[in-house]
Amino acid sequence: MTEVLLIDNPAPGVRRLTMNRPEKRNALNNELRGAILAALTEADADPDVRVSILRGAGPSFSAGYDLSANNAENQPYYTAGGPGQWARHVVDGWTRIWDLGKPVIAQVHGYCLAGGSELATCCDLVYVAEDAKIGYPPTRLMSPPDNQFHPWLLGMRRAMEMYLTGDAISGVEAAAEGFANRAYPADKLDAEVLKMAERIALVPAELNQINKRTIHRAMEIIGLRAAIRSGTEMQALAFTTKASLDYRAQFKRDGGSVREVLSARDAAFGDYREREKK
């Protein structure tokens, strides 16, 4: 059985996690989500680690949650039930990265969509390939995001445009508009991210824990965490609409069905899977 997460230590003080479901564009099933959080927690407790990098194997960082899996079963940690359980569950999971002591870097290339963008967002730093595609296409027929970070990082106008269309932005746009720190040519991304991780690792971990926390506390004071948690209720409300119910009823637990449904969603827009066909 293939390991869903590969772990190495490419430089002193640097732990690197590679999501390893390339044939699924690193779609986030419960096994992979659990493995990511466990590995980051282990790195946080390891005195030899000062910073972690999270990247994806194959053509993409992550195309989102695995819609061919039953994500309601065998969830990697408990979240109270009721309407909106899934949105609250994933927000609770990814904000555990926010609450770790040591910095986590998202290294993004290819598609960074839906749940994949939520994962990247909760990392402390985000470096992207210039030709990466970051977006939330489920707003077209399913719901707004589980983790509604867009107004905070991208501003009201850009967030509104992305929600109303489901369109993606490029890595260059992501860096210019606040989603990412910097964008690099795809063939230089590995080296540039490692270079930044090595700089971070020069700072004592106990000091960087405070450096990280002080930025997050400022964002929390102006309401980021409360707004994102409130957003899970809006996501749950969207799931009750006829459009969302009809769309989700089309999914079967097999890859072929998922591909067909996503293609039908995006055909009129001519992007994502439909652009690849052309």
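The values are calculated or read from the model by the stated rules, or taken from the named source; none is laboratory data. Not measured: the values here are computed from a predicted model. Backbone-built Cβ (ideal geometry, glycine too); neighbour counts: all protein chains shown.
Assorted remarks:
- If the condition is being in a loop (DSSP other than H, G, I, E, B), in contact (Cβ under 8 Å) with a residue 12 or more places away in the chain and out of contact with any strand residue (DSSP E or B) (no Cβ under 7 Å at 6 or more places or on another chain), then segment 72-109 contributes ALA72, GLU73, ASN74, GLN75, PRO76, TYR77, THR79, PRO83, GLY84, LEU100, GLY101.
- Criterion (surrounded by 18 or more Cβ atoms within 10 Å (Cβ to Cβ), closer than 25 Å to TYR184 by Cβ and of a type in the set (Lys, Arg)) met by exactly one of ARG88, ARG55, ARG33: ARG55
- For segment 1-27, a residue qualifies if it is over 25 Å from GLU192 (Cβ atoms) and in contact (Cβ under 8 Å) with a residue 40 or more places away in the chain, and the qualifying residues are LYS24, ALA27.
- Identity of the residue in segment 189-221, under 15 Å from ILE105 (Cβ atoms) and of a type in the set (Val, Ile, Thr), that ends up nearest to the chain's Cα centre (by Cα): VAL193
- Scope segment 171-208; condition part of a loop (DSSP other than H, G, I, E, B) and surrounded by fewer than 17 Cβ atoms within 10 Å (Cβ to Cβ); matching residues: GLY178, ASN181, PRO185, LEU202, VAL203, PRO204
- Long-range neighbours under 9 Å by Cβ, at least six apart or interchain, first residue exposed (fewer than 15 other Cβ atoms within 10 Å of the Cβ) within segment 235-249, second polar (S, T, N, Q): LEU237/SER143; THR241/SER143
- Only one entry in ALA191, ALA268 is of a type in the set (Gly, Ala, Ser) and at pLDDT 95 or above, namely ALA191.
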